[in-house]
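Input: a single structure, listed below in structure tokens.
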Amino acid sequence: MEKNFIDKLNFEKLNGLVPAIVVDNSNNQVLMLGFMNEAALKKTLETNLVTFFSRTRNTLWTKGVTSGNYLRLINIITDCDNDALLIYANPDGNTCHTGNYSCFGVPQTESLSFLHELFDVIKCRKNELPDNSYTAKLFKSGADRIIQKVGEEAVETLIAAKNRDKTEIINEVSDMIYHLFVMLAEQEIEFGEVVNNLKKRVK
């Protein structure tokens, strides 16, 4: 986020306040809407804990001080008119005072962003080839060995499915996805290319 974005904000439209929409950084789900004045925004940036201005109590309040369900700041984006904020945060527990995940009743969903993070880590291992890394060892062993591992994991996944062993299915599918990612990286194919291809098929 830009360090001087506060200077661009228009606090005058709402008598010194700007609306702040908070979303879960892990899955982009909307968590809550609050209001910030300049002091609340500065405290948020200083502490990395999302802080609002309470219109009913006429004071600053840091989300989570009472409940322990803090909103840990990741990023802040302003809208095109510089009079509203979109706040990305990692929530500690549920956000709503009712005990719900979101104040809007939005159900919590698992994020698939980890798959992109995993693929990035695998590409780093390919480029850096660190010692004591299984992934680096696979890349050093060459394409044939990597392809062989994909085949082995596929067979083990089929056996687990045939046996209807849920735990083993989860383990073997995890192994297969990992080795597929290694194969994609070795072939210099981005994970995003596969995702985009799948999106086309849904249409």
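Taking region 48-110 as the region of interest, the strands (runs of 3 or more DSSP E) fully inside it that hold 1 or more residues being among the aromatic types (Phe, Trp, Tyr) are 51-54, 59-62, 85-91.
Being under 28 Å from Glu117 (Cβ atoms), of a type in the set (A, V, I, L, M) and touching a Pro at 6+ places or on another chain (Cβ under 7 Å) is a property that Leu49 lacks.
Restricting attention to region 95-106, the residues that are in contact (Cβ under 8 Å) with a residue 24 or more places away in the chain and either more than 19 Å from the chain's Cα centre (by Cα) or surrounded by fewer than 14 Cβ atoms within 10 Å (Cβ to Cβ) (or both) add up to 4.
Considering region 115-168, and only residues there that are among the polar types (S, T, N, Q) and not in a helix (DSSP H, G or I), the residue that is surrounded by the fewest Cβ atoms within 10 Å (Cβ to Cβ) turns out to be Asn132.
Residue count for region 55-90, restricted to those that are within 23 Å of the chain's Cα centre (by Cα) and under 22 Å from Asp7 (Cβ atoms): 12.
Being exposed (fewer than 13 other Cβ atoms within 10 Å of the Cβ), free of Cβ contacts under 8 Å to residues at least 24 places away in the same chain and over 22 Å from Thr109 (Cβ atoms) narrows it down to one residue among Asn58, Asn10; which is it? If you could, list the steps in order and put the result at the bottom.
Values: Asn10 fails: free of Cβ contacts under 8 Å to residues at least 24 places away in the same chain.
Asn58 is the lone residue from the list that is exposed (fewer than 13 other Cβ atoms within 10 Å of the Cβ), free of Cβ contacts under 8 Å to residues at least 24 places away in the same chain and over 22 Å from Thr109 (Cβ atoms).
Quick one: is Gly68 small (Gly, Ala, Ser), out of contact with any Phe, Trp or Tyr (no Cβ under 7 Å at 6 or more places or on another chain) and in contact (Cβ under 8 Å) with a residue 12 or more places away in the chain? Answer is yes for this residue.
Table: residues versus (1) within 21 Å of Asn82 (Cβ to Cβ); (2) part of a helix (DSSP H, G or I); (3) modelled with pLDDT under 95.
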| position | (1), (2), (3) |
| --- | --- |
| Phe11 | yes, no, yes |
| Val22 | yes, no, no |
| Leu31 | no, no, no |
| Gly34 | yes, no, no |
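Inside region 134-169, residues that are aromatic (Phe, Trp, Tyr) and without any contact (Cβ under 8 Å) to a residue 40 or more places away in the chain make up a count of 1.
The values are calculated or read from the model by the stated rules, or taken from the named source; none is laboratory data. Treat the numbers as computed from the prediction; the structure is a model and nothing was measured. Every residue, glycine among them, receives a Cβ derived from its backbone with ideal geometry; neighbour counts consider all protein chains shown.
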